[in-house]
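Here's the structure, in structure tokens; my notes come after.
The values are calculated or read from the model by the stated rules, or taken from the named source; none is laboratory data. Quantities reported herein were computed from a predicted structural model and do not represent experimental measurements. Positions of Cβ are generated from backbone atoms using ideal geometry, with glycine treated the same way; all protein chains shown enter the neighbour counts. Protein only, heavy atoms only, side chains kept; ligands, DNA and RNA dropped before computing areas. Shrake-Rupley method; radii C 1.70, N 1.55, O 1.52, S 1.80 Å.
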Amino acid sequence: MFNRIKKFYTKQKQVLIVISTVLLVILSFINFYFIFNVTAQSNDECLWTEKKSDGKIIIRFEQVKVNGVTWQAGIRDGDLLLAIDGTAASNNLNATKILDKIPYGDYATYKVVRNGNEFETKVFVKKLIDIGGLSINLMSLIWLLVAFVVVMSKLEGRIQNLFYRVAIFSVFYSTTALVYRGTQVDSVIFNNPVLVALVALSISMGVVLFPIALVHFFSVFPREYSFVSKKWFKIIFYKVSIGFFITYYCILGYEYFLIKKTPISNVLGVAIFYMGFALFILAFILLAINYYKLSTKKEKKPILIILIAFFIAVLARIYFTFLAQPIVGLAFNNPQYFTPILLIALVPIAFGYSIFKYSLMDIKDFVKNAIVYGVATFTVAGVYYFVIYLLGLLVSNAVGTEYQVMIAGAVFVVFSFVFQSSKDKFQNILTEKFYPEQFTFQKALLVFSNEIASTVGKENIFDSIQELFVNSLRIQTFGLLLRNEDNSFNLIRHKGINNLDLNLVDDDFHIANYCLDCNQFGKKQVLERQDFAEVLGESSEKYLSENIYTIIPLFIKSKIIGFLLFGLKQSGSQFAGKDLDLLIAAATQTAISIDTARLYESEAEKQKLERDLENARRIQETLLPKTFPKIDRLDIAGKMIPAMHVGGDYFDLIKISDKKLFVVIGDVSGKGLSASFYMSKLQTMIGLYCTEGKSPSEILVEVNKKIYESIEKNWFITVSLALFDSSENSVKFCRAGHTPLIRIRDKSVEEFQPSGLGVGLERGELFQSSLEEITIPFKPNDLFFFYSDGVTELMNQNDEQFGEEKLKELLIANSDSSCADIQNLLIKKLNEFRGKTPQYDDVTSIVIKIK
């Protein structure tokens, strides 16, 4: 339900803003009407005070203004008012209502008593309006009109919407003018419960939420403060403010319905007044601090105008609230001295001037577009209808009535094609004349679209992208981020960016979801400066400091593959409106081109990998022994089953004499052609060093020294090397990080796992000191089993490993069989276990049995 409402609001936002603005303007004019016609108070430039005498209330004249209208009528301080225009003045409220009915400029007849003597005199009637209410209403109306243009220029802009929100609440705030003087005036509001409720709602929203909205706006304008993203800020500006508003509305509504002041409403009213005043000052302070944080004169100039206007407004409000009455006395006698409060209207005026003069909040293009294209549209339409009119006259006069309709239709069809072509050319001329940047962008984008389709290779595509934005559009700050496999994005092209660590990480897909939500609700998929803190989190500061203003995601099938980063346009303004549409179009073309290049490279890499794998398999096959040597008292079998991807396994049997045999099994850490290269190197070195008189440990030490010098970083080889000697009935065994050696004797299992590092991990000293060589005696029927981890780590379709337990059970159960039979049975069991699951690692094993 909420999403449907949000979606409807987003799609119909423009219409809703127009409607709400019209309604608010009407409300503002109603306020003006009340200020000048309903709540205006008749003024005789003196003060009436009530005094009880003999149980009756008498009205006494005080502070009669010298040379004022009452003074000129002969009335002085201390005189008593008995009646006005023949109606007894029983109290101040009654006398005020009588006088209010007399229009401005007429004379009222006062019956006055002085020293026991009654006399009548005519007093010229003036009117005193609510100057404070007038100032607020004037400010809110101007703010609303400026904010309407601002928000219409960028409907999805965060700052623009906050600015418009301030305007809304300021108009609500100005409705305090509707209840000025309360029941002292005959107002339709207090006679209608529905109007009472609506006015109380409007006033509560305005009084409470206007200053809060003002502070919120200046917390992000012209630059966002870091505390805006803090949790406490959101709590204060949403939960606390709404709670305050509801409380005040309930009390205010209760007071208006009863037409009676309550102590709690007085206390709360004073509290809210001073809170609003403090927030008004706080908003000014936030703007002043932000102004001093700006680095360039170009940035400071428009803000300075607003800051000066705001400072004048602060002074005006302080003067009106605290100083005017103590200095000049009654507002009745000197209303002109209270008029400086009208200067608060300078704030929206200054905003309007700075916005239209310096393109603040991306407003310039919107205004220019509305004016230029509006005039152009009317001009073209006028020409079109004028030409049609002339053609109609010519056709009517030139042909007879029989063919007039047919010929006229043909002429109009021909003219429509000619006119359309002319209109398009005229449109291009307008764009080139008034929007040179946009016109250049359109041309460059057209060229880019045509050329990029035939561009081969990622690097060439990246160069074309940089050419489009940097050289063609002369953008001084530009960057291209591209996605990695770990959901991070790295900067691969840039201009004007000093901090090259502008990488992004989107592990939780927060950025992607934000962009997709924008698309779902009909908003442009763009990150703008005001969105950085919310969407980018801690990374936002890096982008703000590099003067990045706009980020466009590169989408392929709802998946972000990169981002385009932009600073300001060549003119110094931020991308907005039509420019953003062009950037999004360019981003779409860019994403397609990058993805096409990726697919092309992926296919080429796949073909290269297949060739490498085939070559690696061939090399691997040449490394394996073609036949098994004949050694006294030893039964030997060995097998390697290559994986789908070459895994780097290797084994060899090197005969020294009829009684001595070196057995070697190894596993290179990598895969593919490089793995086969290191296997070949290992075989050559093992074959070179396995000679009479050499022990397994001595051979591995020598091999490690040679391999370390040539092996790539993070690569290594695990090796097991054993020397079987049937004359000594023993085997010397050394292990460099490889799997253990298994011996089966009398149906029991024993593992030999001497210490040792993998070959190629360390230069020599540590390798040699950690390498342990052991001697294992053997007797007839002993079974020795060498294997790679591909045997025990073989996976089935349930992601289960074959494991050491199954291996040992198989060896024990078949230890009486020949080595060839054991080998074949193991391969059969492994294949049955694996089923249809692909084999991802080589499976290698050597079985040796003592006869």
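Which shape class, rounded, prolate or oblate, goes with region 466-534 when its Cα gyration tensor gives a ≥ b ≥ c as root eigenvalues, a/c under 1.5 marks rounded, and past that a/b bigger than b/c marks prolate?
Cα axes put region 466-534 in the oblate bin.
Give the lysines reachable from LYS231 as a straight Cα distance under 23 Å; neighbours fewer than 8 places away on the same chain don't count.
Cα-Cα hits under 23 Å: LYS239, LYS542.
Quick one: if you stick a label point 7 Å off each Cα along the C-beta vector at VAL240 and ASP77, how many nm between them?
4.7 nm
Residue by residue through region 298-313, what is 3J(HN,Hα) from phi via Karplus (6.51 cos²θ - 1.76 cosθ + 1.60, θ = phi - 60°)? Round to whole Hz and write x for glycine and proline.
4, 6, 6, 4, x, 5, 4, 4, 5, 5, 5, 4, 5, 4, 4, 5
In terms of solvent-accessible area of protein heavy atoms at a 1.4 angstrom probe, what is the ranking of ARG617, ARG317, highest value first?
Order by accessible area, largest first: ARG617, ARG317.
Name all residues of region 698-718 having a backbone nitrogen under 20 Å from the label point set 7 Å from the Cα of THR775 along its Cα→Cβ direction, giving them as ranges.
Hits in region 698-718 for THR775 at 20 Å: 698-701.
Under a 1.4 angstrom probe, counting protein chains only, how are PHE34, PHE124, PHE677 ranked by accessible area, largest first?
Final ranking, largest accessible area leading: PHE677, PHE124, PHE34.
Pop the C-beta distance of LEU23 and GLN63 into the FRET formula with R0 = 60 Å and round what comes out to the nearest 0.05.
0.90
Cross-link candidates for LYS747: which lysines have Cα within less than 17 Å, leaving aside residues fewer than 8 places away along the same chain?
The reachable lysines, counting only those whose Cα sits under 17 Å from LYS747, are LYS779, LYS806, LYS808, LYS849, LYS851.
Modelling each spin label as a point 7 Å along the Cα-to-Cβ direction, I'd like the ASP799/LEU500 distance in nm, to one decimal.
Label at ASP799, label at LEU500, 4.0 nm between them.
Expressed in nm to one decimal, what extension gain is obtained for the pair LYS828 and ASN460 from 0.36 nm per residue of sequence separation less their Cα-Cα distance?
The LYS828-ASN460 span can extend by a further 127.3 nm.
What order, most packed first, do the peptides 778-787, 210-219 have when packing is the mean number of other Cβ atoms within 10 Å of each residue?
Sorting 778-787, 210-219 by mean packing, highest first, produces 210-219, 778-787.
Among the lysines, which fall within straight-line cross-link reach of LYS301, defined as a Cα-Cα distance under 24 Å, with same-chain neighbours fewer than 8 residues apart omitted?
Answer for LYS301, where 24 Å is the Cα cut-off: LYS154, LYS293, LYS357, LYS364, LYS368, LYS569, listed by chain and number.
Over region 465-511, average the accessible area per residue using a 1.4 Å probe and give it in Å², no decimals.
Value for region 465-511: 50 Å² per residue.
Using only the heavy atoms of the protein chains and a 1.4 Å probe, how would MET640, MET275 rank by accessible area, largest first?
From most accessible down to least: MET275, MET640.
When the Karplus curve 6.51 cos²θ - 1.76 cosθ + 1.60 is applied with θ = phi - 60°, which whole-Hz ³J(HN,Hα) does each residue of region 181-194 get, with x for Gly and Pro?
Per residue, the Karplus-derived 3J(HN,Hα) values read 6, x, 7, 5, 10, 7, 10, 5, 4, 6, 9, 10, x, 5 Hz.
Over region 139-237, one equal point on each Cα, no solvent: what is log10 I(q)/I(0) by the Debye formula at q = 0.13, 0.19 Å⁻¹?
At q = 0.13, 0.19 Å⁻¹ the computed log10 ratios are -0.56, -0.93.
If you count, for each residue, the other Cβ atoms within 10 Å and average over each peptide, how do 162-174, 343-355, 283-295 line up from highest to lowest?
The packing order, highest mean first, is 162-174, 343-355, 283-295.
Where does each of 537-546, 36-45 land if you order them by average Cβ count within 10 Å, highest first?
So the peptides 537-546, 36-45, ranked by packing, come out 36-45, 537-546.
If you roll a 1.4 Å probe over the heavy atoms of the protein chains, what accessible area per residue do you get for region 71-180, in Å²?
Value returned for region 71-180: 39 Å² of accessible area per residue.
Could you tell me whether region 718-795 comes out rounded, prolate or oblate from its Cα gyration tensor? Rule is a ≥ b ≥ c as square roots of the eigenvalues, rounded for a/c under 1.5, then prolate if a/b exceeds b/c, otherwise oblate.
Oblate, because a/c is 1.5 or more while a/b does not exceed b/c.
Need the full-extension length gain, THR109 to SER818, defined as separation in residues times 0.36 nm minus the C-alpha distance. One decimal, nm.
241.6 nm
Could you derive backbone 3J(HN,Hα) for region 837-851 from the dihedral phi with the Karplus parameters 6.51, -1.76 and 1.60 (θ = phi - 60°), listing whole Hz in sequence and x where the residue is Gly or Pro?
5, x, 8, 9, 9, 5, 10, 10, 8, 10, 10, 10, 10, 7, 6
Counting only residues 5 or more places away or on other chains, whose amide H sits under 5 Å from the amide H of ILE776 once H atoms are built in the peptide plane?
The answer is VAL731, LYS732, PHE733.
When a/c is below 1.5 the answer is rounded, else prolate if a/b is larger than b/c, else oblate, so apply that to region 707-851 with a ≥ b ≥ c taken from the square roots of the Cα gyration tensor eigenvalues.
oblate
Enter the Cα centre distance for the pair region 223-240 and region 623-691, rounded to the nearest angstrom.
68 Å
Can you list residues whose amide H is under 5 Å from VAL843's amide H, if they're 5+ apart or on another chain and H is modeled 1.01 Å from N?
ILE641, ALA643
For ARG223, put the label point 7 Å out on the Cα→Cβ axis and report which residues of region 284-302 keep their amide N under 14 Å from it.
Only 287-301 pass the distance filter.
Would you mind checking the pairs LYS97/LYS122; LYS65/LYS126; LYS608/LYS705 and listing those with alpha carbons more than 22 angstrom apart?
Pairs exceeding the cut-off: LYS608/LYS705.
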